[in-house]
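The structure appears right after this line, and notes come after that.
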Amino acid sequence: MAATKKKPAAPGTSRTRLASLIKSARDTMRKDAGMNGDLDRLPQLSWLLFLKAFDERVEQEGEALDPDGYRRAIAAPYRWEDWATDPDLSGDELKTFVNEKLIPHLAGLVGDHADDPRNVISTIFRDVTNRMQSGTLLRDLVNIVNDIHFVSTDDIHTMAFVYESILKEMRDAAGDSGEFYTPRPVNRFMVQQSFLKLGESVLDPASGTGGFLVQAYEDLKDQVRTDSERKRLHANIRGIEKKPLPYLLGSMNLLLHGIDAPQVHRANALLEMRNSTAADRVDVVLTNPPFGGEEESSVVKAFPAGYQTQETAWLFLYSILDQLKRGGRCAIVLPNGSLFATGENSIGAKIKKKLMQDCNLHTVVRLPQGVFSPYTQIPSNILFFEKTGPTKEVWFYEVPLPDGRRSYTKTKPMQLEEFAGCVDWWGGEKREGREPSEYAWKVQAEEVTASGFNLDIANPHIGDDLAHRTPEELVDELIKTEMQILGLLKDLGAGLEEKR
Amino acid sequence: MKLQKVRLGEVLQLERIAVDVDPDAEYSQIGIRSFGNGIFHRDPCLGSELSKLKYFEVHPGRLIVSNIMAWEGAIAISGTSEQGFVGSSRFLSYQAVGDVDLRYLNYYFQSADGRALIKSVSTGTVTRNQTVSPRNLENAKVPLPDFAEQRRVADKLDAFMGKVNYTAGVMPSQEHARQLAISGLDRVLARWAEGTTRVDQVCSLVNDTVHPGQDHGHAKEFVGLEHISPHFGRRIGSRPLGDEKGRKFRFAPGDVLYGYLRPYLNKVWHADQHGLCSVEQYVLRPNGQMPAELIAACLRSKSTLNKVIDATHNLQLPRLRSGLLLAMDIPFIPAEHHERAIADVQGLEENARRLDELQQHRAELLTSLRPAFLNAAFSGQL
């Protein structure tokens, strides 16, 4: 039998090498009896990656920059080099060390001041458990993670990319994991159209895996000129996350993108924002809050009478209105249902009324079907507003689906380029020269008020030809079309009968 | 004309006649289609097979509201054909108690204003299920003219809708244009053919594979199966090349792309550009015996499609093996007829495409008639 020709291998890149390391790590974890699916495997990989990245990015770099003054956050024998690089520490001995010493030690770290990275480590490790039952497989996994390096900027970028792709995959895993993942093009579009400036504080009160914060940081970091500007930028990128898993993933994501001590708080953002003071107010809020979710009654009761609802999206919007500085701005994702809510007794309508009284709701971007699939098919919108006084008019822009598509799907998600039409129309930071088009239309604030604060306003240009015609006009056109069809059929019949 | 708004609870009364379900008895259930498309009957089943919901009797002449899909127009009036049927607790059955013509109300709920009213009293943010409770529905206020006017409008709408439905029912569907496009190809190709030839005698299979990370060459776009329209051979989209994840095939202008996954979709395209396609498409490169336009037309024709369907029949996810495709007989058209045969094929396909577009336009017009009538009726123009 002739030998089968070997297919040419894809050229190796550091991205593919990393992807293959991650694959080996996942395969190793898959063999362990204690791991069930990506939702177990990802946290396990993440906390190990976190420790390795922290060791190289913060501890080793800190020592290199300041050999005498730098004090390590993690002391011996818990430093990465003490236990992770020792191939003889394996099996039950390693498992016992990790479970009984390492994790409790890290969870118990206390920082000297607010920006001390030990606070981040202890918050993360408070909820970390080693889910692997085999110490030998754990050793294999640690060895793989030890082969991943975060030394050069390229390495970090590559790892950040690979990590984000894992987060994206996790969105597809079963359960409700998708709730803390916003598609990258949506993150980027919202950040881009918020026209961030260095020195502004940016908050995502439902920061999840840190998509908005990373994007905001990426948007601003090239403007940094001095070390104090860099520190200030790190302090200005802020997040709040309630759940331990997304908190771990988000901290890791920020760390990989170069923020050594991420300013992400593990807390219930609604309570945190209700209890915040004027000093905590921020310049920009970028967020995709959970919608349809419910909060416990103590959280709901923290809101003023008349604004108490179980719908988390409303509670977030209400809190954000307070959390913004005067002149501050916000981009928030909200479902169609929230835009529609009307009626005298509707809390949604009351909050929209407050929004339009306190803020200039200048733009509503209507997203196409399936942007958040497969997690949800709920049609969604992005609201852009500034706390600069009442709304006079609202511009709507409907992002169309690409030709021939009915929806975005898990395998064919939205691309950033598909926002290009909206970006061109936007008119820059000052929103100059906006014109109505087949995708853009303007509604006066009085009209929204008269409709009971219904913002679920359909594109008036869609189906211009048909939906707005009278029945007589439609019947006339049907007759005309029918005549054309008849003529065409006659031509076709004659064509088929033709001879050579 | 300003109409007086009436609370629905004043003119409608909820009717709940519970059914004591006997596990061994047979029951027929109703369902309601969204967008005003009326009641349908589910297959009869035994009481033991009914869901755990409570069941109620359905009587003719009631306004039946699906409590979870009413916002999407799942509201209808029961007729005599629903006598003896049952409906789960998801179906709210209302009888008229005041001066109200239920047909008028039903039409109102299908109009833009009526739909918005129902939506405003339905709660929930889930995409499809937004529930309207009897209390919320009965508290909603509807603009109602006097009874005679309600009846006049409902009579007129009944007559119009009946005609629209009849017209839509008797019109040939778009499938006619598709079948015409491919069966017409057989006729036109036969006109110029002299015998047959095997596919592999006029073109060869090219496997120019591009792996992730490799140079794309001249290719700038990806044209996958989803970018080719069935039967008509049109490219209806593409996407720019980026970080391609899986391997792809490279094609050049003049190649014929044949979709071999689910080949009954008949996605055959004569490429006019460089690009990458999915590995579920064969790239066929003509050898000069017959031009690509004619090879593509032969592969798209009804007779070839029939052979392909026979060869892949009964497969769960049919794929046509390349060997089978290459061995297929297609009409052989000699060089002296190429130019005129191509003109003939193009003429036929152009007309078939035009017919498809006109039929699509006709379908859209017919769909728009219904809301246009409702709009006219509830803005006092009928």
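The values are calculated or read from the model by the stated rules, or taken from the named source; none is laboratory data. Values in this document were obtained by computation on a predicted structure and should not be read as measured data. FYI the Cβ positions are ideal-geometry reconstructions off the backbone, even for glycines, and counts take in every protein chain you see. Please note that ligands, DNA and RNA were not included when accessible areas were found on the heavy atoms of the full protein model with its side chains. Shrake-Rupley method; radii C 1.70, N 1.55, O 1.52, S 1.80 Å.
Select from the range B:85-114 the residues that are modelled with pLDDT under 90 and open to solvent by 40 Å² or more (accessible area, probe 1.4 Å) and list them in ascending order.
Keep residues of the range B:85-114 that are modelled with pLDDT under 90, which gives B:98-99, B:112-113.
Once the filter is applied, which keeps residues that are modelled with pLDDT under 90 and open to solvent by 40 Å² or more (accessible area, probe 1.4 Å), the range B:85-114 yields B:Asp99, B:Ala112, B:Asp113.
Restricting to the range A:83-107, count the residues that are open to solvent by 50 Å² or more (accessible area, probe 1.4 Å) and not hydroxyl-bearing (Ser, Thr, Tyr).
Taking the range A:83-107 first, the residues open to solvent by 50 Å² or more (accessible area, probe 1.4 Å) are A:85-88, A:92-93, A:95-96, A:99-101, A:104-105.
Next, only the ones that are not hydroxyl-bearing (Ser, Thr, Tyr) stay: A:86-88, A:92-93, A:95, A:99-101, A:104-105.
Residues flagged as open to solvent by 50 Å² or more (accessible area, probe 1.4 Å) and not hydroxyl-bearing (Ser, Thr, Tyr) within the range A:83-107 amount to 11.
Test of understanding: among A:Pro436, A:Pro402, A:Pro460, which residue is in contact with a strand residue (DSSP E or B) (Cβ under 9 Å, 6 or more places away or on another chain), of a type outside the set (D, E, K, R) and within 8 Å of chain B (Cβ to nearest Cβ)? The conditions single out A:Pro402. Considered as a group, the residues in the range B:207-263 that are part of a loop (DSSP other than H, G, I, E, B) and among the basic types (Lys, Arg) include one that is farthest from the other protein chains (Cβ to nearest Cβ), and that residue is B:Arg262. In the range B:50-63, the residues that are in a loop (DSSP other than H, G, I, E, B) form Cβ pairs under 6 Å with partners that are open to solvent by 70 Å² or more (accessible area, probe 1.4 Å), at six or more places apart or across chains, as follows: B:Pro60/B:Thr80; B:Pro60/B:Gln83.
Number of residues in the range A:353-409 that are under 15 Å from A:Cys422 (Cβ atoms) and of a type in the set (S, T, N, Q): the value is 3. Hey, can you tell me all the residues within the range B:249-267 that are touching a His at 6+ places or on another chain (Cβ under 9 Å), under 30 Å from B:Asn314 (Cβ atoms) and without any contact (Cβ under 8 Å) to a residue 60 or more places away in the chain? Correct list: B:Val256, B:Leu257, B:Leu265, B:Lys267.
Output the number of residues of the range B:1-36 satisfying the condition of being free of Cβ contacts under 8 Å to residues at least 40 places away in the same chain and open to solvent by less than 90 Å² (accessible area, probe 1.4 Å). The number of residues fulfilling the criteria is 6.
Of the residues making up the range B:312-336, just one is in a strand (DSSP E or B) and under 30 Å from the mean Cα position of the chain (by Cα), namely B:Arg319. Only one of the numbered conditions (1) under 21 Å from the mean Cα position of the chain (by Cα); (2) within 14 Å of another protein chain (Cβ to nearest Cβ); (3) closer than 16 Å to A:Ala445 by Cα is not met by A:Ala349, and that is (1).
Scoring B:Asp255 on the criteria (1) loosely packed, with under 15 Cβ neighbours inside 10 Å; (2) modelled with pLDDT of 95 or more leaves a single failure, condition (1). Within this structure, A:Ile351 passes the test of being open to solvent by less than 10 Å² (accessible area, probe 1.4 Å) and closer than 28 Å to B:Arg115 by Cα.
Scanning the range A:309-328 for residues being open to solvent by 40 Å² or more (accessible area, probe 1.4 Å) and either within 11 Å of chain B (Cβ to nearest Cβ) or within 20 Å of the chain's Cα centre (by Cα) (or both) gives a total of 1. Take the residues of the range B:368-382 that are within 10 Å of B:Lys156 (Cβ to Cβ) and touching a residue at least 60 places away in the same chain (Cβ under 8 Å): which is nearest to the other protein chains (Cβ to nearest Cβ)? If we take residues in the range B:368-382 being within 10 Å of B:Lys156 (Cβ to Cβ) and touching a residue at least 60 places away in the same chain (Cβ under 8 Å), then B:Phe373 is nearest to the other protein chains (Cβ to nearest Cβ). So if I check each of B:Asp344, B:Asp329, which one is acidic (Asp, Glu), within 10 Å of another protein chain (Cβ to nearest Cβ) and either in contact (Cβ under 8 Å) with a residue 24 or more places away in the chain or out of contact with any strand residue (DSSP E or B) (no Cβ under 8 Å at 6 or more places or on another chain) (or both)? Answer to the check: B:Asp344. Is it the case that A:Thr388 is open to solvent by 10 Å² or more (accessible area, probe 1.4 Å), more than 10 Å from chain B (Cβ to nearest Cβ), in contact (Cβ under 8 Å) with a residue 60 or more places away in the chain and among the β-branched types (Val, Ile, Thr)? The answer is yes for A:Thr388. With respect to (1) part of a helix (DSSP H, G or I); (2) under 16 Å from B:Arg7 (Cβ atoms); (3) touching a strand residue (DSSP E or B) at 6+ places or on another chain (Cβ under 9 Å); (4) open to solvent by 10 Å² or more (accessible area, probe 1.4 Å), the lone exception for B:Arg135 is condition (3).
Looking at this structure, is B:Gly217 touching a strand residue (DSSP E or B) at 6+ places or on another chain (Cβ under 8 Å), surrounded by fewer than 19 Cβ atoms within 10 Å (Cβ to Cβ) and at pLDDT below 95?
On the way: touching a strand residue (DSSP E or B) at 6+ places or on another chain (Cβ under 8 Å): yes; surrounded by fewer than 19 Cβ atoms within 10 Å (Cβ to Cβ): yes; at pLDDT below 95: yes.
Yes.
Residues that are closer than 21 Å to B:Gln346 by Cβ and facing chain B (nearest Cβ under 7 Å) within the range A:466-488 comprise A:Gln484, A:Ile485, A:Leu488, listed in sequence order. Considering the range A:17-65, and only residues there that are surrounded by fewer than 18 Cβ atoms within 10 Å (Cβ to Cβ) and polar (S, T, N, Q), the residue that is modelled with the highest pLDDT turns out to be A:Ser24. Which condition from (1) more than 23 Å from A:Arg281 (Cα to Cα); (2) of a type outside the set (Val, Ile, Thr); (3) free of Cβ contacts under 8 Å to residues at least 24 places away in the same chain; (4) away from every other protein chain (no Cβ under 11 Å) is the one that A:Gly306 breaks? So A:Gly306 meets the others, but not (3).
Scanning the range B:156-206 for residues that are more than 10 Å from chain A (Cβ to nearest Cβ) and assigned to a loop (DSSP other than H, G, I, E, B) yields B:Ser173, B:Ala193, B:Glu194, B:Gly195. Count of the range B:61-71 residues, restricted to those that are surrounded by fewer than 20 Cβ atoms within 10 Å (Cβ to Cβ) and either under 28 Å from the mean Cα position of the chain (by Cα) or more than 17 Å from B:Asn37 (Cα to Cα) (or both), is 1.
Listed by first and then second residue, the pairs with beta-carbon distance under 8 Å, at least 6 apart or on different chains, first residue in the range A:19-39 and without any contact (Cβ under 8 Å) to a residue 40 or more places away in the chain, second part of a helix (DSSP H, G or I), are A:Arg26/A:Arg41; A:Arg26/A:Leu45; A:Arg30/A:Arg41. The residues of the range B:227-237 that are closer than 16 Å to B:Val256 by Cα and either crowded, with 21+ Cβ neighbours inside 10 Å or touching a Lys or Arg at 6+ places or on another chain (Cβ under 9 Å) (or both), listed by number, are B:His227, B:Ile228, B:Ser229, B:Pro230, B:His231, B:Phe232, B:Gly233, B:Arg234.
Restricting A:Ile382, A:Ile378 to residues that are part of a strand (DSSP E or B) and surrounded by 19 or more Cβ atoms within 10 Å (Cβ to Cβ) narrows the list to A:Ile382. Does the range B:282-311 hold any residues that are part of a loop (DSSP other than H, G, I, E, B) and buried (at least 19 other Cβ atoms within 10 Å of the Cβ), and which are they? Answer for the range B:282-311, where residues must be part of a loop (DSSP other than H, G, I, E, B) and buried (at least 19 other Cβ atoms within 10 Å of the Cβ): B:Met290, B:Pro291, B:Ser301.
Take the range A:205-239 and flag every residue that is open to solvent by 10 Å² or more (accessible area, probe 1.4 Å) and part of a strand (DSSP E or B). Result: A:Arg238, single match.
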